Amino acid sequence: MNETALPPVSPSPALGASCSPAIPDGVLAVIFDFDGTLADTTANQEQSLRAALQPYGLDLDTDWYRQRFGLSIHDLLAALPGARHLPHDEIIRRSRAHLLAHMHTIAPIACSVALLHAAREAGLPCAVASAASRILVHPGIEALGLSLQFEAVVTREDAARGKPAPDLFLEAARRISVPPERCLAVEDAPDGIASALAAGMHVLRMVDVHLAPTGDRGEDTADLPSGAGAPMPRGCALGQVAARSSPASVPAPFIVDSDR
């Protein structure tokens, strides 16, 4: 993904200024999470899992799911009441097929896209570090029209450990040849924030309708359970959607068994 970047499609200046802070001095690169940070995928993932469970007569409670958004589908099925003895591999296959069929409907999160374009305009390399599978992340980036904006895309298959371990962020920094301590990570979930902090990076967290700095010790994640998604960025994710640029090609995803 080292092609020359297309001219960025910028959200409105007022929106970018209101929800994306300035990039800190000394930062040489920006690394984004994907689900819930670059893309509002919560509804799609919930609907896909619900559709995959329907043939087995098991419903998915929205409140239960939203409390656990950010967990891998394997962990969700392990925790879901009534799902323990169901065929998890088949449910995961059905859920992924549904996600891929509806990938074109996902929306970019305007705050993060504004920050991405600001970074690119400043000449900073950008990357993605996602705990999801490449079979979903690459098509998702393409659906948002952001394929040419990233020097590297790191997914669950690219590291020995997922978040909250630092491996994914460290691998992204390695691929763009920037020391972790000179990278700015952008995240929405407690495990992702913990991962970026463990990697030694500066961190911005999605809070309500804007991105906000996270304390070096992650104090502002203490009230959220590990493995659960942060509160949804309602204004940014749902009410302030950035315009899509023209889709560009990305490497064909590999068909693998992975976390999401």
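Proximity of backbone amide H atoms, modeled 1.01 Å from N, is registered between residue 40 and 107, 109 at under 5 Å, excluding neighbours fewer than 5 places apart on the same chain. For the set 60, 28, the ranking by accessible area, highest first and with no ligand, DNA or RNA atoms included, is 28, 60 under a 1.4 Å probe.
Ordering 35, 25, 158 from largest to smallest accessible area (1.4 angstrom probe), what's the sequence?
25, 158, 35
Among 104, 117, 202, the sequence by solvent-accessible area, most first, with a 1.4 Å probe is 104, 202, 117. Net charge of the neighbourhood of residue 172, taken over other residues with C-beta under 15 Å away and scored Lys/Arg +1, Asp/Glu -1, is -1. The distance linking the range 44-108 with the range 156-194 is 25 Å (Cα centroid to Cα centroid, whole angstrom).
The values are calculated or read from the model by the stated rules, or taken from the named source; none is laboratory data. This structure is a prediction, so every number in the text was calculated from the model and none was measured. Note that we place each Cβ from the backbone using ideal geometry, even for glycine, and neighbour counts take in every protein chain shown. The accessibility values were calculated without ligands, DNA or RNA, using every heavy atom of the protein model including side chains. Shrake-Rupley method; radii C 1.70, N 1.55, O 1.52, S 1.80 Å.
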